[in-house]
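Here the structure is laid out as structure tokens; the discussion comes afterwards.
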Amino acid sequence: MVDVAAAGGEVGGPRSTDVSEELEVHDATTVIKTNTGSGVLIRARYRALDNESVAMLAHSRRPMANIKSQMKRNRQNKKRQLRNKAVRSEMRTRTKNALDAAKQGDSEAADTALRRAQKQFDVASTRRVIHPRTAARRKSSLTRQVNELLNR
């Protein structure tokens with residue numbers, strides 16, 4: 001269960017036992033309105049939602065731009081965010097595949113998976129999803145881990 005600030009509240013803010021209301025927004029979400037002394041903190045508890053619904057509900061503070069250039073900037077940022085998310089996900093997947101192949105002891109498969117993971121680190125740093133030094137550090141660390149698992 002994840003606590004997410006819904007309307008103007010802070011995530012991880014002060015907790016109080018004085019719960020004034022509990023509202024059912026829809027079948028999987030409960031909004032709890034808490035009196036914190038300094039104001040009202042509204043928290044939403046999300047259970048058993050798919051990732052898309054959680055993302056939609058968690059980002060209740062969407063940019064409300066009135067300026068045309070800012071609206072365009074928001075659209076561009078959303079596209080870049082989705083693109084970067086895919087690159088980061090692919091990095092994690094290829095890293096996991098390299099470590100799994102090394103744990104199984106298959107040297108040839110581990111080397112192939114390691115090369116693919118290193119390539120993905122390079123792609124991410126070229127696209128500036130991660131810093132080039134971070135990519136170098138992760139490649140070095142992954143190589144070291146694979147070599148240790150293969151007893152080289």
Region 128-151, subset farther than 18 Å from LYS96 by Cα and among the charged types (D, E, K, R), residue farthest from the chain's Cα centre (by Cα) = ARG133
Filter result (free of Cβ contacts under 8 Å to residues at least 40 places away in the same chain and surrounded by 14 or more Cβ atoms within 10 Å (Cβ to Cβ)) within region 109-121 | ALA109, ASP111, THR112, ALA113, LEU114, ARG116, ALA117, GLN118, GLN120, PHE121
Which of the residues spanning region 109-143 are outside any helix (DSSP H, G or I) and either at positive phi or aliphatic (A, V, I, L, M) (or both)?
-> ARG128, VAL129, ILE130
In region 88-108, is there at least one residue being of a type in the set (Val, Ile, Thr), surrounded by 15 or more Cβ atoms within 10 Å (Cβ to Cβ) and in a helix (DSSP H, G or I)?
-> yes
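The numbers here are math on the coordinates, done by the rules we state, and not lab data. Note that this is a predicted model, so its numbers are computed, not measured. Every residue, glycine among them, receives a Cβ derived from its backbone with ideal geometry; neighbour counts consider all protein chains shown.
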